[in-house]
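First up is the structure itself, then whatever we jot down about it.
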Amino acid sequence: MKRLLCLVLTLFALTGAAEAEQEAQQIGDAERGRQVFVRCAACHQVGPEATDRIGPHLNGIFDRRAAANAGFDYSPGIRRAADDGLVWDLRRLEAYIENPKALVSGTRMNFSGLDDAQDRADVLAYLRGFSDSPADIPEAAPTARPREVDLTPEILAIVGDREYGEYLSSECTTCHQRDGTSDGIPSITGWPVEDFVVAMHAYRRQIRPHPVMQMMAGRLSDEEIAALATYFGGLE
Amino acid sequence: MKLNRRHFLGASVATVATLSAPTVIGQGKPRVVVVGGGAGGATAARYIAKDSQGAIDVTLVEPTRAYFTCFFSNLYLGGFRELDSLAHTYGRLAQGGVNVVHDWAVAIDREARTVSLAGGGVLAYDRLILAPGIDFVDGAVPGWDISAQHAMPHAYKAGSQTELLKAQIMAMPEGGVFAMVAPPNPFRCPPGPYERVSMVAHLLKASNPSAKILIVDPKEKFSKQALFEEGWQAHYGGMIDRIGPDFGGADVRVDPAAMTVAIDGVVEKVDVCNVIPAQKAGRICDMAGITENGWAPVDGHGMQSRMDENIHVLGDSAQQGDMPKSGFSANSQAKVAAMTVRGVLSGSKVFPAKFSNTCWSLIDTEDGVKVGATYEATDEKIAKVDGFISQTGEDTALRRATYEESLGWYAGITKDIFG
Ligand SMILES: Cc1cc2nc3c(=O)[nH]c(=O)nc-3n(C[C@H](O)[C@H](O)[C@H](O)COP(=O)(O)OP(=O)(O)OC[C@H]3O[C@@H](n4cnc5c(N)ncnc54)[C@H](O)[C@@H]3O)c2cc1C
């Protein structure tokens, strides 16, 4: 069974002061996070001496626009997400290190993701120490601890109805070309079904930026997302 | 309301049952005739032919050999597109199984279910799809009629009119005046006139920076107004003036021979005058007797005419409810109509209607904005579900991304329409 089946996506909490207070807590154990970061260190550096390597350095990553490190050659996928307004707050960073492709299609970050919620929290707590915006206020917007919501195994196990997906797809192909050509608008043809499902749920929950996609995904049911994933996944 | 799989299966059976019984009876294949090969008609013809795989005969009647999209024709005016890049031909539709007839439909006999062509032919149909776009309301702008469209082009059907308008703008004297008479609601492409003004300003800023642009507008408000006004201020400060109804924008008369525009009785001499008159459904809808107040009312569930269940009307001609008249909308409606018609004629599954629209507009180089919404069919109309609009003050990266996305959309939708 694929690791995606236990995927956890996160959702905005922030309803009322009391709740916000409850949510405001340390992100995780920074000391333990330093050890988790070893898994990232093959590509990324952080700290006073850090430079860009295979991946960009991660100083000041919190609250920064994606792809904002001048001098680093980012993938078109992450540049597009940046143009759409992706900002690295805690919620997005966590979604990204859990499954990079769920948040940014076509990213070059070739990393299968950190399954363990504690690992993610700890490594982000560690990275938080190298970001001074906003200084040392763990409960401020970009670092507030979000509430987690499961994308349940049931949702991921829905078998899409291809015929229904084909009908629904006609709405997508006004912009996304069926043959996979992409100029200005990304290809959605031939994706692994799970990636498609996760991406659409991330739009529906407004974790992924982009108003058109948030709107389109916002009115798709779980079954409809599965149907589309099956249809587009099966196209050559 | 969200429908899940179980709900709509029930609904689809019911929907099919209330439409007239399948016409699959004995003799020959069911026949669909589509009048108008634009954004709506070509999409419908292509989808019915593609999805019925030969089970339904599809004939498309369209007079022109090459269709010039109105969408992106403003970008041609601004110098961002070549005119040729807006032309689309019908060869791939023909290869996809559509019988393409280059002719005008001149009469519809609803009793006999036939369409007569200007060339003399007669086509019989089981279902007729009308997507003839718009025509202009006679006398809408006093002093202007179709014989004046050379002196004062509308350029609201793309092609030679667009080329003419651009040539006139290029030939304006230094410091000259470009006037636009904007249309009242409802009309094709609500942001269209204002995107056009932006593109004309872009062109003039480079070639004739002391020129002026005057918009005479009968409407209080217009689409994406805050975004356009912000952009005009930022890019073309002082060049563009708009006279709304408070200052006589609804009281306009033109004199094409003298090249003057009288606004509330005050006569202005202008160098170019782009008259975009009030609009109505393509005339063939009138001739078929399915219009009311100039437009063809339809039931959004399958884009069926409210006056004749054997006729479906798509795109600009249809009076459907909340959707703006756009190429995107016409394309979206066409898919719902195609599915419905196939359901009736060949018994294929009918799913609930879903519609969407997004209109991108270009304000200046790499400064794109957009507005969009999703819609569903209710018994009363096509009703808006959800929507968004670009914000004022967005950064240049987002505006550039929006523009690039519009290029992708153009490539995508024209492939979706013409194959
Ligand atoms: C300046 C401008 C900018 C625009 N920009 C955009 C944009 O960015 N995005 C967008 O989505 N929309 C845009 N639009 C709107 C879009 O062009 C129209 O809404 C769309 O073309 C409507 O599609 P339709 O199928 O209803 O009509 P049309 O595309 O006009 O097609 C109608 C066809 O029917 C044919 N026809 C008419 N009468 C007959 C007859 N009797 N027999 C046979 N054939 C007939 C005509 O030749 C024509 O080809 C713009 C419009 C303008 C004017």
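Numbers at a glance
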| read-out | value |
| --- | --- |
| Filter pass, residue B:236 being within 16 Å of the ligand (Cβ to nearest atom) and either among the hydroxyl-bearing types (Ser, Thr, Tyr) or more than 14 Å from every other protein chain (Cβ to nearest Cβ) (or both) | no |
| From B:78, B:97, residue being farther than 15 Å from residue B:414 by Cβ, assigned by TED's automatic domain parsing to the domain that holds residue B:413 and more than 16 Å from the ligand (Cβ to nearest atom) | B:97 |
| Index of the failed condition, residue B:111 passing every other in (1) assigned by TED's automatic domain parsing to the domain that holds residue B:38; (2) within 16 Å of the ligand (Cβ to nearest atom); (3) closer than 30 Å to residue B:339 by Cα | (2) |
| Restricting region A:7-32 to residues that are under 20 Å from the mean Cα position of the chain (by Cα) and under 20 Å from residue A:131 (Cα atoms), the residue that is modelled with the lowest pLDDT | A:27 |
| Looking only at region B:167-206, and only at residues there that are of a type in the set (Lys, Arg) and either in contact with a strand residue (DSSP E or B) (Cβ under 7 Å, 6 or more places away or on another chain) or within 15 Å of the ligand (Cβ to nearest atom) (or both), the one that is farthest from the other protein chains (Cβ to nearest Cβ) | B:196 |
| Among the residues listed as B:373, B:353, the single one being buried (at least 18 other Cβ atoms within 10 Å of the Cβ) and more than 9 Å from every other protein chain (Cβ to nearest Cβ) | B:353 |
| Total residues in region B:154-173, condition free of Cβ contacts under 8 Å to residues at least 24 places away in the same chain and touching a His at 6+ places or on another chain (Cβ under 9 Å) | 2 |
| Region A:199-232 - residue that is open to solvent by 30 Å² or more (accessible area, probe 1.4 Å) and more than 10 Å from chain B (Cβ to nearest Cβ) and, of those, farthest from residue B:371 (Cα to Cα) | A:230 |
| Conditions (1) modelled with pLDDT of 90 or more; (2) assigned by TED's automatic domain parsing to the domain that holds residue A:28; number of the one not met by residue A:128 | (1) |
| Residue that is surrounded by fewer than 23 Cβ atoms within 10 Å (Cβ to Cβ), farther than 16 Å from residue B:45 by Cβ and touching a residue at least 24 places away in the same chain (Cβ under 8 Å), where the choices are B:137, B:101 | B:137 |
| All positions within region B:299-314 that are touching a Leu at 6+ places or on another chain (Cβ under 9 Å), within 16 Å of the ligand (Cβ to nearest atom) and either assigned to a loop (DSSP other than H, G, I, E, B) or within 14 Å of chain A (Cβ to nearest Cβ) (or both) | B:303, B:314 |
| All positions within region B:388-415 that are more than 7 Å from chain A (Cβ to nearest Cβ) and assigned to a strand (DSSP E or B) | B:389 |
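The values are calculated or read from the model by the stated rules, or taken from the named source; none is laboratory data. Everything quoted here is computed from the prediction, not taken from an experiment. Cβ coordinates were reconstructed from backbone atoms using ideal geometry, including for glycine residues, and neighbour counts include every protein chain displayed. Heads up: the accessible areas ignore ligands, DNA and RNA and are worked out on the full protein's heavy atoms, side chains in. Shrake-Rupley method; radii C 1.70, N 1.55, O 1.52, S 1.80 Å.
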